[in-house]
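Scroll down for the structure; my scribbles are underneath it.
The values are calculated or read from the model by the stated rules, or taken from the named source; none is laboratory data. Computed from a predicted structure; not experimentally measured. Cβ placement follows ideal geometry from the backbone for every residue including glycine, while neighbour counts extend to all protein chains displayed. To get the accessible areas, we keep the full protein, side chains included, count just its heavy atoms, and leave off ligands, DNA and RNA. Shrake-Rupley method; radii C 1.70, N 1.55, O 1.52, S 1.80 Å.
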Amino acid sequence: MISVEQLSVEFSGTSLFDAVSFLVNDKDKIALVGKNGAGKSTLLKILAGLQQPSKGNISISKDLTIGYLPQTMIHKNDTTVVQEVEKAFDEVKKIEQLIASISQDLADRTDYESTEYASLIERLTAANEHLQIMNGGNFLAEIEKILLGLGFLRSDFNRQCSEFSGGWRMRIELAKILLKRPDVLLLDEPTNHLDIESIQWLETFLSQHCGAVILVSHDRAFLDAVTKRTIEISLGKIYDYNASYSKYVQLRKERREQQIRAYENQQKMIQDTEDFIERFRYKATKSVQVQSRIKQLNKLERIEIDLEDNSQLRLKFPPAPRSGNFPVTIESLAKSYGEHLVISNVNISIKRGEKVAFVGKNGEGKSTLVKCIMQQLDYLGTLNIGHNVKIGYFAQNQASLLDEEKTVFDTIDHVAVGDVRSKIRDILGAFMFGGEASDKKVKVLSGGERSRLAMIRLLLEPVNLLILDEPTNHLDMRSKDVLKDALRAFDGTAIIVSHDREFLDGLVDKVYEFGGGKVREHLGGIYDFLQSKKIESLQELEKTKVIENTTPTAENISKSKLNYEASKELNKKIRKQEKLIAETESIIANLEAEIADLEIKLQNPNFAADSTNFALYEKKKHTLEQKMYEWELLNEELETLQK
């Protein structure tokens, strides 16, 4: 479908890609991974035809359609949600207009025997077939299905796009792309503005998508659910693994260990050979062996170890000043925007040292409550910030509020005060902005680099209450791990608004679920919460079950995740088993039909006289017996799995 050959990209004399090549095949599900600034977004833009490489070729199959979702875009505001999404079916509407025009023309004509009339009939047939292929007859139902899956309510359909935040307008653009059903989907951080339920819906949609998918995401669980192939970009080169993300991490480690062992063994052999040559170079009796060893070394293909990008974020929060026992206490809090009630009767008590997660669909009040805690919004009810609480706040849109014309150094120098000013270079180095990188302008930074820059502000003064609103958006895998470890080690209190299941796992011990204007407390980790939600949805429970008031241990958190993952894996095995049974039944049906046909033919003496025909008949019967036995075993295994 797409062939990338010797692709090179250079910016200001710096090489981003160096002669990379790979193929994108039909139905490939590819994760594009690498550190922030490695070139993932640039590669997607090149594949989408929006940017040209410095060198190399990209060959794309004729009539191939590509859908591209960038990280950021300019949104138009003069349409409703449905009107904007309907633009995905502009071609369908053109075909419908063509069908209507041809049908009217045929109704007006009476020259039924003419070539023109026959030509119109052919055009009408072709247009109807094209419309059927595009599933144009029922596109309104498709629009509703996609919008609901992405978290919109039916009451949102006729609202103006201008009423929605940038994240929701990104969903509208994603809906348009998904509805076009392109042959190749290029998605750059599609989960950044989605809640957990919408991410799970998108996982299912992309897994079932019949075309190819290339996506950039820092959500491990999402990548594992969708992709089967991983392309890593590192130091201008690519490494292609036919494996999901988790398997790729393992294979990458094994490949490097094997490479290092092979390199060390070869270096030892080279040293031994050179020692032999040096020892016997001037001995006539050994001249033949010496010359042989010299030729051997000259012909030797030297093993090289792939360069590895070991630059890593170094993050450690300053010691937290001691706060009161309850940094945040909320009683009967309510917040409305006009007549729209966002949250009501919120009651929360967060103890010193607790790390809690705010989760729920977008628009259900998570960021609103955070802004209430930050005293950025008025509200009804009681909200108390405890004694000696010092808040460090990372806003969801903080990275986008940076002055693009300032350099990295100037951005931090502008807000740093006191002794910290003398340590700016050290701090920037810890955040991978060392050397010339500190002189880069903000406008040339990637999304992840901007997030890192915005996060530096949290380190400029000691705090004891961290409030992080979607802190992992745009951060690469390693940076997310470093941030997670730093938060674990942080001795203060943390409120984390996030949809990243892997990031929250093992980090938080309490989950607050936002939905329907209410905030419900769930004791335990994120996978405990997900598991309880699955049970509730199955039984259509409307009230929260009482959960035993115990603090979960790391072992319990891990066990909860295992139970959740085991349930997913079991369902996957059951579906696979059912598919195998269906395939075996199809083979059995074909064999029975072939045997019946042969039995009729064998009644003919001439046909029966040929021994190969009878041998074929016996072979088919034997194969049928084997398949029947296989079918019985498969059904027994299915029953075991279902139990």
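Some notes on this structure:
- For region 235-299, the number of Lys pairs separated by eight or more positions or lying on different chains, with C-alpha atoms closer than 26 Å, is 11.
- Cut-off 10 Å between beta-carbons: net charge of the residues surrounding Glu521, Lys and Arg +1, Asp and Glu -1: +1
- Of all lysines in the structure, the ones whose alpha carbon falls short of 18 Å from that of Lys619, not counting any fewer than 8 places away in one chain, are Lys601, Lys627.
- Bridge type composition, the chain - antiparallel percent by DSSP, nearest 5: 50 percent
- Given 12 as the ceiling on other Cβ atoms within 10 Å, longest exposed-site-free region of the chain for GluC sites (Glu not before Pro) in DSSP loops: 114-300
- Exposed chymotrypsin sites (Phe, Trp or Tyr not before Pro) absent: longest stretch of the chain, with sites in DSSP loops and at most 16 other Cβ within 10 Å deemed exposed: 283-643
- In this structure the amide hydrogen of Leu16, modeled in the peptide plane, comes within under 5 Å of the amide hydrogens of Val9, Glu10, Phe11, none closer than 5 places in sequence on its chain.
- Ranked from largest, the principal axis spans of the Cα set of region 205-329 equal 91, 54, 21 Å.
- Antiparallel DSSP beta bridges within region 431-533, percent to nearest 5: 55 percent
- Partner aspartates and glutamates whose Cα lies under 14 Å from the Cα of Lys366, excluding those fewer than 8 positions away in the same chain, are identified as Asp195, Asp469, Glu470, Glu513, Glu521.
- Förster radius 25 Å - calculated FRET efficiency between Phe11 and Ile427 (Cβ-Cβ, nearest 0.05): 0.45
- Positive-end ranking of Gln51, Ser61, Leu16 along the dipole of region 1-95, with charges on Cβ about the Cα centre, is headed by Leu16.
- Toward the positive end of the charge dipole of region 465-528, with +1 on the Cβ of Lys and Arg and -1 on the Cβ of Asp and Glu, the farthest Cα among Tyr512, Leu466, Gly524 is that of Tyr512.
- Label zone at Glu592, where the point sits 7 Å out along the Cα-to-Cβ direction: region 611-632 residues whose backbone N lies under 20 Å: 617-632
- Between Asn635 and Gln97, the contour length at 0.36 nm per residue exceeds the Cα-Cα span by 188.5 nm.
- Overall form of region 372-515 per C-alpha gyration tensor (a/c, 1.5; a/b vs b/c): prolate
- Heavy atoms of the protein chains alone define the surface here; on that basis the chain has 54 Å² accessible area per residue at 1.4 Å probe size.
- Looking at region 1-98, the trypsin sites (Lys or Arg not before Pro) that sit in a DSSP loop and have at most 15 other Cβ atoms within 10 Å of their own Cβ are Lys27, Lys62, Lys76.
- Gain upon complete extension [Lys268, Glu113; 0.36 nm per residue less C-alpha separation]: 47.0 nm
- For the residue pairs Lys35/Lys228; Lys316/Lys423; Lys361/Lys510; Lys576/Lys620; Lys55/Lys180; Lys351/Lys390, the alpha carbons lie more than 23 Å apart in Lys576/Lys620; Lys55/Lys180.
- Using the Cβ-Cβ distance between Phe280 and Lys247 with R0 set to 60 Å, the FRET efficiency from 1/(1 + (r/R0)^6) comes to roughly 0.75.
- Per-residue HN-Hα couplings for region 30-42 [Karplus 6.51, -1.76, 1.60; θ = phi - 60°; Hz; x = Gly/Pro]: 10, 9, 9, 10, x, 5, 4, x, 6, x, 4, 5, 4
- Extending 7 Å from the Cα toward the beta-carbon at both Thr407 and Leu570 defines two label points whose distance is 6.0 nm.
- Share of carbon and sulfur in the accessible heavy-atom surface of the chain [1.4 Å probe, %]: 49 percent
- Distance in nm between pseudo-label sites at His387 and Ala141 (7 Å out along the Cβ direction from Cα): 6.5 nm
- Efficiency of FRET from Cβ geometry, Arg256 and Ser207, R₀ 35 Å, rounded to 0.05: 0.70
- Distances between every pair of Cα atoms in the chain, grouped in 10 Å steps from 0 to the bin holding the largest one, split as 3, 11, 18, 21, 18, 12, 8, 5, 2, 1, 0 percent.
- Prolate/oblate/rounded call for region 435-482, Cα gyration tensor, a/c under 1.5 rounded: oblate
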